[in-house]
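What follows is a set of notes on a single structure, which appears directly below.
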Amino acid sequence: MSPEFILYLVINTAVVLGIAPLFISLIKKVKAWTQGRRGPTVFQTYFMLAKLVKKEVIYSPHSSWIMRVTPIVNIAAILVAALFVPLVFVPEPVGGIGNIILLLYLLALAKFFMALAGLDAGSSFGGMGSSREMSISAIIEPTTIIVFAALVFVFKTLNIFEMFTRSAAAGTLSTPTLILTGISLFIILIVETSRIPVDNPETHLELTMIHEGMILEQSGSNLALMELSAAVKLTLLMALLINLIVPFGLATTLTATGLILALILFLLKGCILAGVIGLFESSMAKMRFFRLPSLFAMAFFFSTLIIIIEVFS
Amino acid sequence: MITELLFIGIAFLLAGVVIPLVTMGTDRKAARTVSLCCTIGASAVLAVLSLVILLSGEVIAWTAYQTIAGFILTLVIDRLAAFFILIIAAVSGSVAIYSTSYIEYLHGGTRRNLLCASANLFILSMVLVVASGTTLGFFLFWELMAASSFFLVMYEYDDTETKKAGIFYFVMTQLSTLFVMLGVIILYGQTGTFAFTHLPAASSPFLTASFLCLFLGFSIKAGIIPFHKWLPYAHPASPSPISALMSGVMLKIAVYGLVRFLLDVFAPDLWWGVLILAAGTASAVLGIIYALKEHDIKAMLAYSSIENIGIIFVGIGLFVIFTSNNLPALAMLSLLGALFHSLNHAFFKSLLFLTAGSVVYATHTRDIEHMGGLVHRMPYTSGLFFVGAVAIAALPPLNGFASEILIFIPFFSSVAVANPLFKVLLFICLALFALTSALSAACFVKAFGSVFLALPRSEESGDAREVPLPMLAGPALLAGACIVIGLLAVQLFALAGYTVPIPDMLLVGVLLLAMIALTFGTLYFTASRTVRISGTWGCGMPSQQPLTEYSGHGFSEPIDIIFSTIYRTKIRNERSFFDNAGCIFREGIAEIRLLKVFEEYLYLPVARASCRAAKAVSRIHNGCLDTYLLYVFVTVLVMVVWLGWFA
């Protein structure tokens, strides 16, 4: 493992941890604006995390070690997954880091623990959240894998690092297929990060919540870790979309100016995407749970279309 | 030297068969323990033997028995055979350690000696099937395997459920043997030899028929849908260590048969590959969807075995397809994936069956709705089950993921296949394959959550106690293997001489640990360390009851509804009235039940047809001696006339 790669590990983790809460607050801000409110400051999520860390942790007497290890395993899996998606700087891949299938399964690892923690305290809200989350993640999986397969098809590599290098070399919006893939990736982003129309991140009503239901029993620093990992997951999926579709500015060599420029550009692109997500969420209502499979089926046929176009062109 | 190891292994197993049988007179624990120790010894010896062969590539061959030229029984162990012997040895060893304690809790007095003897015979027959150097030996030991496993399933023969399951299993396993026999005979007719000889690519209809017979035989044994029904019946009926052996190892013997015949005998056509792939995909998807609906923990594991065998068949199907398309590198990768998944599934499924056996022993029920809260009462068992659940859900960095990614990669590279329609077919199968692995994660969240987490949902579950040491040690070995194989997947392949393009899981493991350390360290210095224990928030309910928990049924309800076209239900509503207007209700039946599609539309019609045929034939047998004499007389007459005309 080269020193460059170790430096990459440090930079990527620092950047993703640093900016993830910002994007969450930005989306909230945009949604507040569309509702005619001023909304909290864009630093609100940072304040909230700092506050949660200082608070005591409460465990249910029925909960087990699952409840206690889940926040840590969850954030660790998501942070390792974040290493698979370079935000500002793309090094040479080492030992299969950046494998797109492994990325998907690291996210699944986090989800597995989170779902078990939802069941652990014996609360029916947690169980409801876990059950819905696992169902949704199961039926979105074919779409995700087909989109990833389309990416592998277009870039002729399984490694996200190489995909980014190639898309950075090719400039922007290289093929029409890539734009189509971008739309599919956007749908996956919405589903995976539990946003409207799939889930509503702002309610605590048992009829609507999925992700919030699972983490209802978490408190204090554990809740902070869960919130932070959700933010990091959002950021890494956003980075995947951004760096594939509009990669300009992405640093492929390690220089200070290049890194700073890449960081500023990424922040800018991320803020725009966060705005788009906020507007998208504000433009529609949450769907009924059992209407979701048809939405996913649409996304699935859409991504299969990409494959068919690629195969026959 | 290595050949001697094989003999020692076989001798140990034979001793394990004989010792409990000769001491049947008195019900003594010692005889059973010695017999199981023989199994453990044999496992150790056979594991060493197979590791030596796997690493050195040496082939051992030994002629066991020869009467007339051609009818020859030889034992040949090459790397493929050694690989499967390793699976048999590792799983049998752990199962035997577990059984030393488990078997003493079973009822049945000296019947337990019979169980030990049949289990050893069963393991021996599996070793011999794999080691057979001729198709004749393969078939003979296959039948021995079928017969000995039937005795194991019938252990609790006084139970009506077991009797039903046993008959079902017996019929299916004999059908499997029948088709394997047909395949071997047709092959003998074509080649004139029982040896595994490689055939040229020219595909005659006879060779195709032979392949189809063998494929059918192996599919029935492996539990490929629609021949899978025996698994969810036989597994709950048999003792848990036996389920672990049958699901973990016996199904793999069918995989071995298929791989052996595809590699060493046939030159497969493209459509064979498509057939295997389609059968595999259907089993994988339907297997896990049925598993999600199941609430008998052992039946659920049985359905999950069907899913995993499906995944293995997908790998083999890809192997044939890529070979036919002249893509040897991808074909190799798919085959390695299929074989690696056979090993991994053997380990984690035996682990799950053994720990499930402990849970059933502790709670006296197989219904997961009556469990719960066991994580506090059986902490070690729950930890071991957890490792198995993570592994089977194909989560990194455990071994289930390492083999699934090995099948994913050829799928992703199937761009290289020339025919565009095939590309689309492969991508559809890829999507279903992905669905399978996501559903299996959901299934095992449900299983672990319902069995171990939250509050106990029955008195037995509340009174459950941790099981004794041997019942933890056996599964612990398997759990350790799951973790080590997962982390060192790349290194192990390198050791065997293969470079595979899968990520270095050791690095991923180290990174995960580093991130855990980072989080822990940061929290240690910044976070509040006050911890308070307080009741689960129940939305204003005065106290938390097990009844208000989310049950296993509830957990899988969304998936039930989404896939409601697959879970067909039959609604029956019959009412009768005292009056003609239908006002005064007399009696009625209303029921909603799950339609057993395969049973009602495939198995029963076939069974009824054979019953009718048997009835027709039985009319000839009227039990009267004169009639039989008449039959003999007529036969002789016909033969005389026949010979007179034609000879």
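No value in this document is a laboratory result; all are computed from the given coordinates. Keep in mind it's a predicted model, so treat the numbers as computed, not measured. Note that each Cβ is placed from the backbone with ideal geometry, even for glycine, and that neighbours are counted across all protein chains shown.
Charge dipole (Cα centre; +1 on Lys/Arg Cβ, -1 on Asp/Glu Cβ; no other charges) of segment B:337-490 amounts to roughly 300 debye. For A:Gly220, neighbours were defined as the other residues whose beta-carbon sits under 11 Å from its Cβ, and their charges (Lys and Arg +1, Asp and Glu -1) total +4.
In the P(r) worked out for segment B:560-599, what percent of Cα pairs fall beyond 10 Å?
Working: 576 of 780 pairs.
Every Cα pair in segment B:560-599 considered, those over 10 Å come to 74 percent.
Rounded to the nearest 20, the size of the Cβ-charge dipole of the protein assembly as shown about its Cα centre is 1040 debye, with Lys and Arg at +1 and Asp and Glu at -1. Structural descriptor for segment A:3-312: relative contact order 30 percent, calculated from alpha carbon pairs under 8 angstrom and at least 6 residues apart. Coordinate range of the alpha-carbon atoms in chain B per principal axis, descending: 102, 82, 67 Å. Given contacts defined as C-alpha pairs under 8 Å and at least six residues apart, what's the relative contact order of chain B, whole-number percent? So the answer I get is 11 percent.
Could you give the size of the charge dipole of segment B:556-610 about its Cα centre, using +1 on the Cβ of each K and R and -1 on the Cβ of each D and E, expressed in debye and rounded to the nearest 20?
Details: 8 positive and 8 negative charges, 35 e Å.
It works out to roughly 160 debye.
In terms of overall dimensions, segment A:196-250 has a Cα radius of gyration and Dmax of 14.7, 44 angstrom.
Over segment B:364-466, what lengths in whole Å, largest first, do the semi-axes of the equivalent ellipsoid take, defined as the square roots of 5 times the eigenvalues of the alpha-carbon gyration tensor? It would help to have the intermediate numbers written out before the result.
Details: eigenvalues 313, 37, 10 Å².
They are 40, 14, 7 Å, listed from largest to smallest.
Based on the alpha-carbon gyration tensor of chain A, what equivalent-ellipsoid semi-axes (square roots of 5 times the eigenvalues) come out, in whole Å, largest first?
Numbers: eigenvalues 179, 108, 78 Å².
Equivalent-ellipsoid dimensions as semi-axes: 30, 23, 20 Å.
Quick one: in segment A:61-181, what % of C-alpha pairs are over 25 Å apart?
Working: 2720 of 7260 pairs.
Of all Cα-Cα distances in segment A:61-181, 37 percent exceed 25 Å.
Of the residues A:Ser123, B:Thr177, B:Leu114, the one whose Cα sits farthest toward the positive end of the charge dipole of the protein assembly as shown, with +1 on the Cβ of Lys and Arg and -1 on the Cβ of Asp and Glu, is A:Ser123.
Please give the peptides B:370-376, A:55-61, A:118-124, B:548-554 ranked by average Cβ packing (other Cβ atoms within 10 Å per residue), highest first, as a rough proxy for protection. Before the final figure, lay out the partial values.
Working: B:370-376: 23.4, A:55-61: 17.6, A:118-124: 28.0, B:548-554: 20.9.
Descending packing order for the listed peptides: A:118-124, B:370-376, B:548-554, A:55-61.
Taking the convex hull of the alpha carbon positions in segment B:456-563 and averaging its projected area over all directions gives 14.1 nm².
Using just its DSSP H runs of length 4 or more, each adding -39500 (n - 2.57), chain B gives a mean residue ellipticity at 222 nm of -23500 deg cm²/dmol after division by all residues.
Enter the angle in degrees (range 0 to 90, nearest 10) between the Cα long axis of helix A:44-54 and the first principal axis of the Cα atoms of chain A, meaning the one along which they spread out most. For helix A:44-54, the angle is close to 50 degrees. Counting charges near A:Ala32 (Lys, Arg +1; Asp, Glu -1) among other residues having Cβ under 15 Å from its Cβ returns a value of +3.
Normalising the Debye intensity of segment B:1-156 to I(0), with uniform scatterers on Cα atoms only, and taking log10 at q = 0.10 Å⁻¹ returns -0.36. Could you give log10 I(q)/I(0) at q = 0.14, 0.17, 0.25, 0.29 Å⁻¹ for segment B:55-118, computed by the Debye formula over C-alpha point scatterers of equal weight, without solvent? After summing over all Cα pairs, the log10 values are -0.69, -0.79, -1.01, -1.16. A simple rule links phi to the HN-Hα coupling: the Karplus curve 6.51 cos²θ - 1.76 cosθ + 1.60 with θ = phi - 60°, which for segment A:224-231 gives 4, 5, 5, 5, 5, 5, 5, 5 Hz, with x for Gly and Pro. Taking Cα atoms only, the orientation of helix A:3-34 departs from the longest principal axis of chain A by about 60 degrees. The alpha carbons of the protein assembly as shown occupy a box of 106, 70, 67 Å along the principal axes, longest dimension given first.
Sorted by packing (mean other beta-carbon atoms within 10 Å per residue), highest first, where do B:455-466, A:151-162, B:398-409 land?
Working: B:455-466: 17.1, A:151-162: 20.2, B:398-409: 27.2.
Highest mean packing first, the order is B:398-409, A:151-162, B:455-466.
Annotation for segment B:555-647: chymotrypsin sites (Phe, Trp or Tyr not before Pro) lying in DSSP loop with at most 13 further Cβ atoms inside 10 Å of their Cβ are B:Phe578.
If each Cα of segment B:204-244 is one equal point scatterer, what is log10 of I(q)/I(0) from the Debye formula at q = 0.23 Å⁻¹? The Debye formula, applied to the Cα set alone, gives -0.75.
Rounded to two decimals, the Cα-based Rg/Rh of segment B:9-77, with Kirkwood Rh, is 1.15.
Using the charge dipole of segment A:9-78 (Lys, Arg: +1 at Cβ; Asp, Glu: -1 at Cβ; taken about the Cα centre), state which of A:Tyr46, A:Leu9, A:Asn74 has its Cα farthest towards the positive end. Going by the Cα projections, it comes out as A:Tyr46.
Stokes-Einstein diffusion for segment B:268-520 at 10 °C, viscosity 1.306 mPa s, with a Kirkwood radius from C-alpha pairs, works out to 84 µm²/s. The distance separating the Cα centre of segment B:93-121 from that of segment A:242-313 comes to 58 Å. Between 0 and 90 degrees, the angle of helix A:292-312 with respect to the longest Cα principal axis of chain A falls at about 10 degrees. For the protein assembly as shown, DSSP calls about 85 percent of its internal beta bridges antiparallel.
Work through the residues other than B:Met378 whose Cβ is under 12 Å from its Cβ and net out their charges, Lys, Arg +1 and Asp, Glu -1. For residues surrounding B:Met378, the net value is 0.
Structural descriptor for segment B:268-520: relative contact order 24 percent, calculated from alpha carbon pairs under 8 angstrom and at least 6 residues apart.
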